[in-house]
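Each remark here refers to the structure printed beneath this line.
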Amino acid sequence: MALTEEGIVYNWGRNYLGQLGTKTTENIVGPSIVGNLFNRKVIEIACSSSYNVVLCDNHQIYEWGKRSRNDSRPHPNVESLVEGKLKGKEVISVACSLDASFALTSNGCVYSWGANWCGILGRNHSENGNVDNNDPSEVQNLTGVFIKKIVTGRDHVLVLSHDGMVYSWGSNECGHLGHGILDDGYFTSIPKDVKFLRDDGRISTKKVIDIAAVPVCSTSVAMDENCQIFMWGDCKGMCEM
């Protein structure tokens, strides 16, 4: 996907699940404008392997494609408006993992929808599995925390609070949650804060000012107010806590 300064969305590539929004499933080898978005200004895009999410300047979210062949949406190759509990909310950012979507509102709340592999939706722990819920709901256990940024890896989520704290949840196959656990069977649907260790082994008290995640290799990154960079997870093929 590509987004122009004018707010026009182009996409190209594989289209086997309608992820190009062209009303067909034919592959496209060059950039093509997404049809029904021509009269809306898009301000942010999020792209997964088989579906896409965009945020328009009126705070509305549209998506197209399928998260899997089991996705129940009737017309996946046509842009559809995402509302549910997000209706009327002022959405300021969107993100997507391999099978789930996320939205951040202006009052610092995070909403999720899609498939709940490894508890990535941040809801009921017992929902783990291919539970494809296309209705956005607020992520639990972040009550009272004002979130200002959200990023996603393949199967985990990082969020940054207004106070400079980082929280994570989802899969921990390579320790990329930063919870001090290196166990490929560990996952959690409950957002937990990430502790950052200084060179002397003590916990850093500096605020984090930015975060990033790398979807293809389960890597997490953070930068504190001193511009010191922290990385954890799958770093150069080596799993690190």
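Using the beta-carbon distance between LEU3 and CYS227 and R0 = 35 Å, what value does 1/(1 + (r/R0)^6) give for FRET efficiency, to the nearest 0.05?
After rounding to 0.05, the efficiency reads 0.80.
Of ASN226, ASN116, ASN141, which is the most mobile in a GNM of the chain whose springs link Cα atoms less than 10 angstrom apart?
Greatest mean-square fluctuation among the candidates belongs to ASN226.
Got a sec to turn the phi values of the range 170-179 into Karplus ³J(HN,Hα) couplings, 6.51 cos²θ - 1.76 cosθ + 1.60 with θ = phi - 60°, whole Hz, x for Gly and Pro?
Listing the rounded values in order: x, 7, 10, 3, 10, x, 6, 7, x, 9 Hz.
Add +1 for every Lys or Arg and -1 for every Asp or Glu among the other residues with Cβ under 12 Å from the Cβ of ASN15, and state the total. Display every interim value, and only then the final one.
Details: positive: ARG14, LYS23, LYS66; negative: GLU26.
That works out to +2.
May I ask you to give the solvent-accessible area per residue for the chain, in square angstrom, as obtained with a 1.4 angstrom probe? Intermediate values should be presented prior to the final figure.
Details: 11700 Å² over 241 residues.
On a per-residue basis, the chain sits at 49 Å².
Would you mind telling me the share, in percent, of accessible area of the chain contributed by carbon and sulfur at probe 1.4 angstrom? Can you show the working numbers first?
Numbers: 5980 of 11700 Å².
Carbon and sulfur: 51 percent of the exposed surface of the chain.
Taking amide hydrogens as modeled 1.01 Å from N in the peptide plane, which residues meet the under 5 Å criterion relative to VAL82, leaving out close sequence neighbours?
Distant-sequence amide H within range of VAL82: ILE61, TYR62, GLU63.
Please turn the phi angles of the range 215-221 into ³J(HN,Hα) values with the Karplus equation 6.51 cos²θ - 1.76 cosθ + 1.60 (θ = phi - 60°), one per residue in order, whole Hz, x for glycine and proline.
Result, ordered by residue: x, 7, 9, 6, 10, 10, 9 Hz.
Past 20 Å, Cα to Cα, is the threshold; run LYS89/LYS207; LYS85/LYS192; LYS148/LYS192; LYS41/LYS85; LYS89/LYS148; LYS41/LYS66 against it and keep the listed order. Don't skip to the answer; put the middle values down first.
Working: LYS89/LYS207 28 Å; LYS85/LYS192 24 Å; LYS148/LYS192 16 Å; LYS41/LYS85 23 Å; LYS89/LYS148 15 Å; LYS41/LYS66 23 Å.
Checking Cα-Cα distances, LYS89/LYS207; LYS85/LYS192; LYS41/LYS85; LYS41/LYS66 exceed 20 Å.
Fully extended, how many nm does the chain gain between LYS195 and GLN60 (0.36 nm per residue separation, minus their Cα-Cα distance)?
Values: separation 135, 0.36 × 135 = 48.60 nm, distance 3.45 nm.
So the chain would gain 45.1 nm between LYS195 and GLN60.
How many nm separate the modelled label positions at ILE181 and LEU81, each set 7 Å beyond the Cα in the direction of the Cβ?
According to this spin-label approximation, the distance is 4.1 nm.
Once fully extended, how much extra length lies between TRP12 and VAL29, figured as 0.36 nm per residue of separation less the alpha-carbon to alpha-carbon distance? Could the numbers behind the result be given before it?
Numbers: separation 17, 0.36 × 17 = 6.12 nm, distance 0.60 nm.
Net length gain for the segment: 5.5 nm.
With θ set to phi - 60°, apply the Karplus curve 6.51 cos²θ - 1.76 cosθ + 1.60 along the range 4-9 and write out the HN-Hα couplings as whole Hz, x wherever there is a Gly or Pro.
8, 4, 7, x, 9, 9
Which whole-number percent of Cα pairs in the chain have a distance greater than 30 Å? List each step's numbers first, then the result.
Values: 7321 of 28920 pairs.
Pairs farther apart than 30 Å: 25 percent.
Normalising by the residue count of the chain, find the relative contact order in percent from Cα pairs under 8 Å and 6+ residues apart.
Working: 644 pairs, mean separation 28.5, N = 241.
For the chain, the relative contact order is 12 percent.
Can you pull out the trypsin sites (Lys or Arg not before Pro) in the range 167-209 whose DSSP state is coil and whose Cβ has at most 16 other Cβ atoms within 10 Å? Present the calculation step by step, with values, prior to reporting the outcome.
Numbers: sites: LYS192, LYS195, ARG198, ARG202, LYS206, LYS207; in loops: LYS195, ARG198, ARG202, LYS206, LYS207.
Here the trypsin sites (Lys or Arg not before Pro) that fit, given the DSSP loop and packing criteria, are LYS195, ARG198, ARG202, LYS206, LYS207.
Counting only GluC sites (Glu not before Pro) that are in a DSSP loop and have at most 16 other C-beta atoms within 10 Å, tell me the longest site-free stretch of the chain. Present the calculation step by step, with values, prior to reporting the outcome.
Details: sites that count: GLU5, GLU6, GLU26, GLU83, GLU90, GLU225.
It runs 91-224.
The values are calculated or read from the model by the stated rules, or taken from the named source; none is laboratory data. As the structure is a computational prediction, the values presented were derived from the model and not from experiment. Note: ideal-geometry Cβ built from the backbone for every residue, glycine included; neighbour counts use all protein chains shown. Note: areas computed on protein heavy atoms with side chains; ligands, DNA, RNA excluded. Shrake-Rupley method; radii C 1.70, N 1.55, O 1.52, S 1.80 Å.
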